[in-house]
Amino acid sequence: RREKVVLGQGYSPLDWARLKSSGADLRGGVKGVVRVSKEELSKHNTETDAWTVLGNKVYNITPYLKFHPGGVPEIMRCAGKDGTKLFNYTHSWVNYDMMLQNCFIGPY
């Protein structure tokens, strides 16, 4: 059983939707679509620079960390590596591609 995490003020799903549509850079300054190697992915494993793979696509999850309903430590389990298996195990019903579309870095 997973524990519920109280999200901070300004980090609701509605706030995430607003941020996504704001035009803010959610890709961490990455220009264009970039193919990401395992070695490159592994460098992005901190709370200030977190990337993960979901379904062979690399996403910058850094801006999403505080919006994650399971809390930052839980999502950080996928930082710098392929999180597809864990993601599908814990919330297979969530459309990550839609949720993180503005965070897309490139193929893995």
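The values are calculated or read from the model by the stated rules, or taken from the named source; none is laboratory data. Since we're looking at a predicted model, the values are computed, not measured. Note that we place each Cβ from the backbone using ideal geometry, even for glycine, and neighbour counts take in every protein chain shown. Each accessible area value is taken on the protein alone, full model and side chains, heavy atoms only, with ligands, DNA and RNA left out. Shrake-Rupley method; radii C 1.70, N 1.55, O 1.52, S 1.80 Å.
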*Looking at the chain, what % of its DSSP beta bridges pair antiparallel, to the nearest 5?*
80 percent
*Would you mind checking K38/K85; K38/K81; K43/K81; K4/K81; K20/K66; K57/K81 for any pair whose Cα atoms are more than 18 angstrom apart?*
K4/K81
*So which chymotrypsin sites (Phe, Trp or Tyr not before Pro) in the range 33-100 end up in coil per DSSP with only 11 or fewer other C-beta atoms within 10 Å?*
W93
*In Å², what does the accessible area per residue of the range 13-107 work out to with a 1.4 Å probe?*
57 Å²
*Long-range HN-HN contacts of K81 with modeled amide H, under 5 Å*: V53
*So what's the back-of-envelope 222 nm ellipticity for the chain, counting only DSSP H runs of four-plus at -39500 (n - 2.57) apiece and dividing by all residues, rounded to 500?*
-6000 deg cm²/dmol
*Pop out the ³J(HN,Hα) list for the range 65-71 in order, Karplus 6.51 cos²θ - 1.76 cosθ + 1.60 with θ = phi - 60°, rounded to Hz; leave Gly and Pro as x.*
3, 6, 8, 5, x, x, x
*Using alpha-carbon pairs under 8 Å, 6+ residues apart, how would you state the relative contact order of the chain in percent?*
38 percent
